[in-house]
Every structure is written in C-alpha cells, then in structure tokens.
Amino acid sequence: MKFPNKLFEYKETVIYDCVKILEQLKEDTQVFELYKICKSKCNGSQEFIDALVVLYAIGKIDYDSDKRRIVSVKRDNM
C-alpha cells in the first residue's frame, strides 16, 4: 500500500485510488462492475483492492457478502 511521500506522488497512492473509487461508486454496486469502471483510473488491480480495504476500514463502504455487493456508501465524513 503506497502513501504520499518523497518517493510516491499523490496520483500513485492508495488515497488517490480511494477518491477515484468514491467518485464512481453508486449505492448498490458489484465489486467487479466497480473495477471495470475504475480500472483505467486506478493504479492497478492490487491497488484497487487496497483502496477498497481502506474505504471499508474507515467506514466509507459496507459489503454484503451474501449479495456480493457494496451496499452502503457513506460520503459525508471524509
């Protein structure tokens, strides 16, 4: 997971990927569909997964494993 520092520019970091994912995210989205939308904007597939983990950890998204969908998006506290 890359964070901004002397070696990595903002556009190369997980924070950038988080912002790009939140811009494209709808209320009820499958992860693969979201990846297809964001793959040209994110830094790679592993970085996309890292960004989803960060968003889940900070409470921006919720995941329903039965439906295999991101079911809730919270944008007001970032």
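Could you tell me which residue of segment 3-26 is farthest from A57 (Cα to Cα), considering only residues that are aromatic (F, W, Y) and either touching a helix residue (DSSP H, G or I) at 6+ places or on another chain (Cβ under 8 Å) or modelled with pLDDT of 90 or more (or both)? Within segment 3-26, the match that is farthest from A57 (Cα to Cα) is Y10. Looking across segment 12-49, the residues that are hydroxyl-bearing (S, T, Y) and closer than 17 Å to V73 by Cβ come down to T29, Y35. Residues of segment 46-78 being of a type in the set (S, T, N, Q) and either modelled with pLDDT of 90 or more or closer than 11 Å to V14 by Cβ (or both), which ones? Listed by number, the list holds a single entry, Q46. Which of the residues that make up segment 1-19 are farther than 14 Å from V53 by Cα and not hydrophobic (A, V, I, L, M, F, W, C)? Once the filter is applied, which keeps residues that are farther than 14 Å from V53 by Cα and not hydrophobic (A, V, I, L, M, F, W, C), segment 1-19 yields P4, N5, K6, E9, Y10, K11, E12.
The values are calculated or read from the model by the stated rules, or taken from the named source; none is laboratory data. What you see is a predicted model, and the numbers here were worked out from it, not measured in a lab. Note that we place each Cβ from the backbone using ideal geometry, even for glycine, and neighbour counts take in every protein chain shown.
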